[in-house]
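S.K.: Handing you this structure, nothing more for now.
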Amino acid sequence: MIERIAVETLTLKEISELFRKSLEIAFPKVKRSMAITLKKISRAKMSEYKWIKSYEEFKGAKLNFYCQKVPGKDSPVVSIGMTYRTTQGLILITVDPSNGGISSTSIINSVGWDKWVKIFSAHFCERYAKRIMKVETPTFQIGIEGLMFSDMLGPVRITDTISEGVEEIEFQFKEGQCYGYRDSKSKICYFKTVYSNDMLKRDRLDFKNEWQEPLNQLYQLFGFNS
């Protein structure tokens, strides 16, 4: 059997395709593992529980399933991420359930996942641990777990057009704002850094204030704490 290896020289588009392919292979297998864990949780009469299930179909590109059993729900809440080492360092690739982000000029429309992914730089993950999680010694791994066990939903604002289909964006979520780029053709949002709400100034603060109430309604709509 030929060993499947994820090389470091892939483009972001190729990495996102690798993630989608790995997910397609892994998810049916991991679902069985989740069902076994849920039975153990039920027997232990636990209403809340967190666990991580790893799966590596391609060596060098490990999928992690971040699972949460929450009170009142039979099925776990699952976030899926893949760590990958590029020539410029580590990155995190995740499913983007908002499919490129909710436009700040449109209504909320949830139609299921349309193969969009979010990619976070190592710098982003470390800054998330420091600025959002308020960790004294932030690391890439701590940032990843914070991201994957959180609910990052919200609107996107386009701040510049780089080329056809590629835009510079700001993404508003409950605790702060992310900054990066969106490639509509490849269905990728790439985020390079993040700021907490208490760091926002001028028009970025206006953007937060304008969306504060709709954002609370969005979290309630999806059953998350606002």
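S.K.: Could you please give the count of residues in the range 114-151 that are part of a strand (DSSP E or B) and closer than 13 Å to Leu90 by Cβ? Show your work before the answer.
M.R.: Filtering the range 114-151 down to residues part of a strand (DSSP E or B) leaves 117-121.
Now drop any that are not closer than 13 Å to Leu90 by Cβ, which leaves 119-121.
The qualifying residues number 3.
S.K.: What pairs can you find where one residue is in the range 123-146 and at positive phi, the other is small (Gly, Ala, Ser), and their Cβ atoms are less than 9 Å apart, with a gap of 6+ or different chains?
M.R.: Matching pairs, first to second residue: Lys134/Ser196.
S.K.: Shifting gears a bit: Filter the range 134-155 for residues that are under 17 Å from the mean Cα position of the chain (by Cα) and more than 21 Å from Met82 (Cβ to Cβ) and give the result.
M.R.: Answer for the range 134-155, where residues must be under 17 Å from the mean Cα position of the chain (by Cα) and more than 21 Å from Met82 (Cβ to Cβ): Gly154, Pro155.
S.K.: Considering only the range 156-176, I want to know if a residue exists there that is buried (at least 19 other Cβ atoms within 10 Å of the Cβ), assigned to a strand (DSSP E or B) and either modelled with pLDDT of 95 or more or within 13 Å of the chain's Cα centre (by Cα) (or both).
M.R.: yes
S.K.: Hey, another quick one. For the range 117-155, what are the residues that are crowded, with 22+ Cβ neighbours inside 10 Å and aliphatic (A, V, I, L, M)?
M.R.: Of everything in the range 117-155, those that are crowded, with 22+ Cβ neighbours inside 10 Å and aliphatic (A, V, I, L, M) turn out to be Val117, Ile119, Ala129, Ile132, Ile144, Leu147, Met152.
S.K.: Of these, Gly60, Gly89, which one is of a type in the set (Gly, Ala, Ser), under 27 Å from His123 (Cβ atoms) and either without any contact (Cβ under 8 Å) to a residue 24 or more places away in the chain or touching a strand residue (DSSP E or B) at 6+ places or on another chain (Cβ under 7 Å) (or both)?
M.R.: That would be Gly60, the only listed residue that is of a type in the set (Gly, Ala, Ser), under 27 Å from His123 (Cβ atoms) and either without any contact (Cβ under 8 Å) to a residue 24 or more places away in the chain or touching a strand residue (DSSP E or B) at 6+ places or on another chain (Cβ under 7 Å) (or both).
S.K.: Can you confirm whether Thr86 is within 23 Å of Lys185 (Cα to Cα) and either in the same structural domain as His123 (by TED's automatic domain parsing) or touching an Asp or Glu at 6+ places or on another chain (Cβ under 8 Å) (or both)?
M.R.: Values: within 23 Å of Lys185 (Cα to Cα): yes; either in the same structural domain as His123 (by TED's automatic domain parsing) or touching an Asp or Glu at 6+ places or on another chain (Cβ under 8 Å) (or both): yes.
It is true that Thr86 is within 23 Å of Lys185 (Cα to Cα) and either in the same structural domain as His123 (by TED's automatic domain parsing) or touching an Asp or Glu at 6+ places or on another chain (Cβ under 8 Å) (or both).
S.K.: Identify, please: which residue in the range 102-116 is at pLDDT below 85 and in contact with an Asp or Glu (Cβ under 9 Å, 6 or more places away or on another chain) and is, among those, surrounded by the fewest Cβ atoms within 10 Å (Cβ to Cβ)?
M.R.: Our first condition is that a residue be at pLDDT below 85; within the range 102-116, this holds for 102-113.
Right, trim to in contact with an Asp or Glu (Cβ under 9 Å, 6 or more places away or on another chain) and you get 104, 113.
Values: Ser104: 16, Trp113: 12.
Selected residue: Trp113.
The values are calculated or read from the model by the stated rules, or taken from the named source; none is laboratory data. All values derive from a computational prediction rather than experimental measurement. Note: ideal-geometry Cβ built from the backbone for every residue, glycine included; neighbour counts use all protein chains shown.
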